[in-house]
Amino acid sequence: MNTNLIKGSGVLNQTDYTSATVLSTAANFIMNRQEPFTHTFRTYIRLRENGPVQLKFWHSNAVDSTWDQGLEASGSEPGGSWVIESAFIADGGTEPNGAIIEHTQHAVTFEGNVSKSVAAGECFWSDETSINLPDGHYLAFTWTIKTTTAGKSIPFNVEGMLATAYDAPGNLAAQESADGFTESDKLLVLPSYIGYKKAVNKKLVFLGDSITQGVRTLKDGYEYWAARIADGLGAEIGVWNLGSGWARAYDVAADGPWLHKAKQSDELMIVLGVNDIDIGCRSADELLGDLTTIIAKIKTANADASIILSTVPPFNFQEAREETWRRVNHEILTNPPAGVDRVFDIASLLSLPAPDDHRIRPEYMSGQDDPHPNGIAGKTVADAFLNWY
């Protein structure tokens, strides 16, 4: 078996690295073009710590979680074959405007090479590179990706942008100016893991859907609860956000690339179920069974891993879905699956008072008809978590 495919080359092999950002780069979609392309992607990322940093990038060429009904992209689907023509890190400055600070680029290499041919489903590491990033400055990550055939190629995240990014046709990775770039929309194309060399006391992973990812909160604001919790815990606790829009528990329970990432934790917080109940149409028993499977597989991989299971956030469900939501949360609170160490009741923080506790408080909604929690909700959840934790 090629150990570099899908589940291989795990992040656990790099114990002296931890996630450098709380921005989720989980993949829930895959590029599917009618002809080959060469395209450049530049993203501005807020790191957990600035100054001199040693960085290393890991990529899993696979879709993590199912998008919509799974017709375009499904959980654990391997990515296609593609080529990294070149990749760079640079000082992105204080304003993510498509350009980078002159003379600050550092090439990202792969086993000493500036380019890398990526096989379908392959997992791989970059070489270590370093940069001295002033306080308040973004890291700019730029890479040019080329395909040689039509069809499916690179997995990416298609949700609303939480970080400013730009893209351009052709190979512009080495270019310092913004010429030719346009601001990206629903197109976050990054390595799966942005790590930096850092000794931490614990590696905490947040595993969830768009609510964990932070979807609908302010771009570049890092105001969703996972980001705020990371700020409150401080850099001595490593935090990796694996939130993925439209994801569901059965994507993780399938034991593919997404669960492989979650297994790299010392402590794991699971906030799943909204999409299982909604678009997934899962019963309470099915959802609870999937959560039980996830926890058992985490414990099998690492018996010492600590598991925090959250209640399912309110999402304004009605009728049968509301009943499923109520039953699942009752079971989580009163009889959580084997292996759960602690239960965090996120639902009670966001819900209206009973009997309307299946509905999110209006002041926490991202829009009049959008029950995704906003940045105010992110602060409420983070403050409560930090007091509880």
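Structure values in brief
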read-out: Size of electric dipole in the chain: Cβ of Lys, Arg +1 and of Asp, Glu -1, about Cα centre, debye, nearest 20; value: 640
read-out: Contour minus Cα-Cα distance for ASP383 and GLN54 (0.36 nm per residue); value: 115.4 nm
read-out: Rounded to whole Hz, the Karplus (6.51, -1.76, 1.60) HN-Hα couplings of region 252-267, x for glycine and proline; value: 6, 4, 5, 6, x, x, 5, 5, 4, 5, 5, 5, 7, 9, 8, 9
read-out: Under 5 Å, built H, 5+ apart or other chain: amide partners of GLY273; value: ALA249
read-out: Under Karplus coefficients 6.51, -1.76 and 1.60, residue-wise ³J(HN,Hα) of region 38-48 in Hz, glycine/proline x; value: 10, 8, 10, 10, 10, 10, 9, 10, 8, 8, 5
read-out: Gain in span if fully extended, ASP185 to GLU35, counting 0.36 nm per residue against the direct Cα distance; value: 51.9 nm
read-out: VAL215 long-range amide H proximity, modeled H, under 5 Å; value: none
read-out: At 0.692 mPa s and 37 °C, Stokes diffusion of region 314-389 via Kirkwood alpha-carbon radius, µm² per second; value: 247
read-out: Whole-percent carbon and sulfur share, accessible surface of the chain, 1.4 Å; value: 47
read-out: Intensity falloff of region 111-232 expressed as log10 I(q)/I(0), Debye formula with alpha-carbon point scatterers, at q = 0.23 Å⁻¹; value: -1.71
read-out: Semi-axes of the equivalent ellipsoid for region 163-241, Cα gyration tensor, largest first, Å; value: 28, 17, 11
read-out: Spin-label pair LEU352/THR300, simplified geometry with 7 Å Cα→Cβ offset, distance in nm; value: 4.3
read-out: Stokes-Einstein D for the chain, Kirkwood Rh over Cα pairs, 37 °C, 0.692 mPa s (µm²/s); value: 156
read-out: Computed [θ] at 222 nm, deg cm²/dmol, the chain (DSSP H ≥ 4; -39,500 (n - 2.57); rounded to nearest 500); value: -6000 deg cm²/dmol
read-out: Three semi-axes of the equivalent ellipsoid, region 228-285, Cα gyration tensor, whole Å, largest first; value: 25, 14, 9
read-out: Long pairs among LYS219/LYS263; LYS152/LYS198; LYS152/LYS203; LYS116/LYS186; LYS146/LYS197; LYS116/LYS299, criterion Cα-Cα beyond 27 Å; value: LYS219/LYS263; LYS152/LYS198; LYS152/LYS203; LYS146/LYS197; LYS116/LYS299
read-out: Approximate spin-label separation ASN316-HIS330, in nm, with each point projected 7 Å along Cα-to-Cβ; value: 2.5
read-out: Residues VAL343 and GLU363, FRET efficiency given R0 of 30 Å [Cβ-Cβ distance, rounded to 0.05]; value: 0.75
read-out: Extension gain (nm, one decimal) between THR94 and LYS202, 0.36 nm per residue minus Cα-Cα; value: 35.9 nm
read-out: Nonlocal amide H pairs with SER192, under 5 Å, H built at 1.01 Å; value: TRP58, HIS59, SER60
read-out: Computed over region 201-267, Cα set: Rg, Dmax in Å; value: 12.3, 33
read-out: Under the Karplus curve 6.51 cos²θ - 1.76 cosθ + 1.60, θ = phi - 60°, whole-Hz ³J(HN,Hα) for region 327-339, x wherever Gly or Pro sits; value: 5, 4, 5, 4, 5, 4, 6, 9, 8, x, x, 4, x
read-out: Highest-first arrangement of 111-123, 255-267, where packing means the average Cβ count within 10 Å; value: 255-267, 111-123
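The values are calculated or read from the model by the stated rules, or taken from the named source; none is laboratory data. Everything quoted here is computed from the prediction, not taken from an experiment. Cβ: placed from backbone, ideal geometry, glycine included. Neighbour counts: every protein chain shown. Protein only, heavy atoms only, side chains kept; ligands, DNA and RNA dropped before computing areas. Shrake-Rupley method; radii C 1.70, N 1.55, O 1.52, S 1.80 Å.
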